[in-house]
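The values are calculated or read from the model by the stated rules, or taken from the named source; none is laboratory data. Since we're looking at a predicted model, the values are computed, not measured. Cβ placement follows ideal geometry from the backbone for every residue including glycine, while neighbour counts extend to all protein chains displayed. Each accessible area value is taken on the protein alone, full model and side chains, heavy atoms only, with ligands, DNA and RNA left out. Shrake-Rupley method; radii C 1.70, N 1.55, O 1.52, S 1.80 Å.
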Amino acid sequence: PLAVDKVAGGGVFVHYEDLSEESARVVVDTDIANDGLAKTVNVLLELKDKENTVAAQTSVKIQLPSFGSSVASQEMTVKKPKLWRPDSPHLYNLIITIKDSSGQVLDSLRQRIGLRTVELRGRDGLFLNGKAYPQLLLGANRHQDFAHIGHALPNNLHYRDALKLRQLGMRVIRSAHYIQDPSFMDACDELGLFIVTAIPGWQFWNEKPIFMKRMLQDVRNLIRLERNRPSPIIWEIIPNETHFPDEY
């Protein structure tokens, strides 16, 4: 998604409509690039539970232009969905398979998703899955470095940080002040930690126009990188402790 740099495109884009305890519509846009001649492909979606049972599935045929791209827009209805929430962080596997006209698999992808909606309604507070969230959001900032090894953390230390914070009773973490390692984000998804994703940068603003241009591109990249995860609750797009112009 970052390399393609396309509005609401590039790779897989998942969101949810009419979500409730009774059913949920999972809407998936798959932006498919074709590096060869024009062809027709079949895009198969499967939503699988932890036990590998299929909760929903659908398929569509689309035409890919020669050395171009097309978007497969599909949706599935999940009956009695297991919704993602901090104290019950259920995850589904979204399996996307692309086949040619002969049935040969050209590409596939597994994307873990959590079915949930998040809204901030001013003084009314946080609404998760259409309902007022009943608890205070108590949390902390997290820097991803470690004594003697800096940022060269193995995945298990990223997971350990998330687990310790969750065991303390926290339900929200802020990434201070940069993109976090995918393994930490995976842990937040699994353990039921909301995360405030922070844009890189702190205590500095350059008045040259190129700086603002790059900051705005960072905003796009920040959202595209984590847009399909259930854990992000706020996109923090202001560099930390920084005076910025009104135009930004």
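Among the residues of region 83-124, which ones are polar (S, T, N, Q) and over 18 Å from GLY11 (Cβ atoms)? Outline the logic, then answer.
Restricting attention to region 83-124, the residues satisfying the condition of being polar (S, T, N, Q) are 88, 93, 97, 101-102, 104, 108, 111, 117.
The answer is SER88, SER101, SER102, GLN104, THR117.
Listed here are the residues, each with its yes/no results for (1) at pLDDT 95 or above; (2) open to solvent by 30 Å² or more (accessible area, probe 1.4 Å); (3) part of a helix (DSSP H, G or I); (4) closer than 21 Å to ALA8 by Cβ.
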| position | (1), (2), (3), (4) |
| --- | --- |
| TYR159 | yes, yes, yes, no |
| LEU163 | yes, yes, yes, no |
| ILE173 | yes, no, no, no |
| GLN180 | no, no, no, no |
| MET212 | yes, yes, yes, no |
| GLU247 | no, yes, no, no |
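Residues are listed down the side, and each one gets a yes or a no for (1) at pLDDT 95 or above; (2) closer than 24 Å to PHE127 by Cβ; (3) open to solvent by 20 Å² or more (accessible area, probe 1.4 Å):
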| position | (1), (2), (3) |
| --- | --- |
| PRO1 | no, no, yes |
| ALA8 | no, yes, yes |
| TYR16 | yes, yes, yes |
| SER23 | yes, yes, yes |
| THR30 | yes, no, no |
| LEU37 | yes, no, yes |
| ASN42 | yes, no, yes |
| GLU46 | yes, no, yes |
| ASP49 | no, no, no |
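Would you point out which residue out of ASN141, ASN155, ASN93 is within 27 Å of ASP181 (Cβ to Cβ) and either in contact with a helix residue (DSSP H, G or I) (Cβ under 6 Å, 6 or more places away or on another chain) or surrounded by 18 or more Cβ atoms within 10 Å (Cβ to Cβ) (or both)?
On the way: ASN141 fails: either in contact with a helix residue (DSSP H, G or I) (Cβ under 6 Å, 6 or more places away or on another chain) or surrounded by 18 or more Cβ atoms within 10 Å (Cβ to Cβ) (or both); ASN93 fails: either in contact with a helix residue (DSSP H, G or I) (Cβ under 6 Å, 6 or more places away or on another chain) or surrounded by 18 or more Cβ atoms within 10 Å (Cβ to Cβ) (or both).
Step by step, each of ASN141, ASN155, ASN93 is checked, and only ASN155 is within 27 Å of ASP181 (Cβ to Cβ) and either in contact with a helix residue (DSSP H, G or I) (Cβ under 6 Å, 6 or more places away or on another chain) or surrounded by 18 or more Cβ atoms within 10 Å (Cβ to Cβ) (or both).
Restricting attention to region 101-110, and to residues there that are touching a strand residue (DSSP E or B) at 6+ places or on another chain (Cβ under 6 Å) and at pLDDT 95 or above, which single residue is most open to solvent (accessible area, probe 1.4 Å)? Even if it seems obvious, please write down each step before you answer.
Filtering region 101-110 down to residues touching a strand residue (DSSP E or B) at 6+ places or on another chain (Cβ under 6 Å) leaves 101, 105-110.
Of the ones still in play, those that are also at pLDDT 95 or above are 105-110.
Working: VAL105: 80, LEU106: 85, ASP107: 91, SER108: 75, LEU109: 77, ARG110: 147 Å².
Selected residue: ARG110.
Tell me yes or no: at least one residue of region 199-210 is under 20 Å from ARG116 (Cα atoms), over 16 Å from the mean Cα position of the chain (by Cα) and either among the charged types (D, E, K, R) or in a loop (DSSP other than H, G, I, E, B) (or both). So that I can check it myself, show each step before the final result.
Going through region 199-210, the residues under 20 Å from ARG116 (Cα atoms) turn out to be none.
Checked region 199-210: no residue is under 20 Å from ARG116 (Cα atoms), over 16 Å from the mean Cα position of the chain (by Cα) and either among the charged types (D, E, K, R) or in a loop (DSSP other than H, G, I, E, B) (or both).
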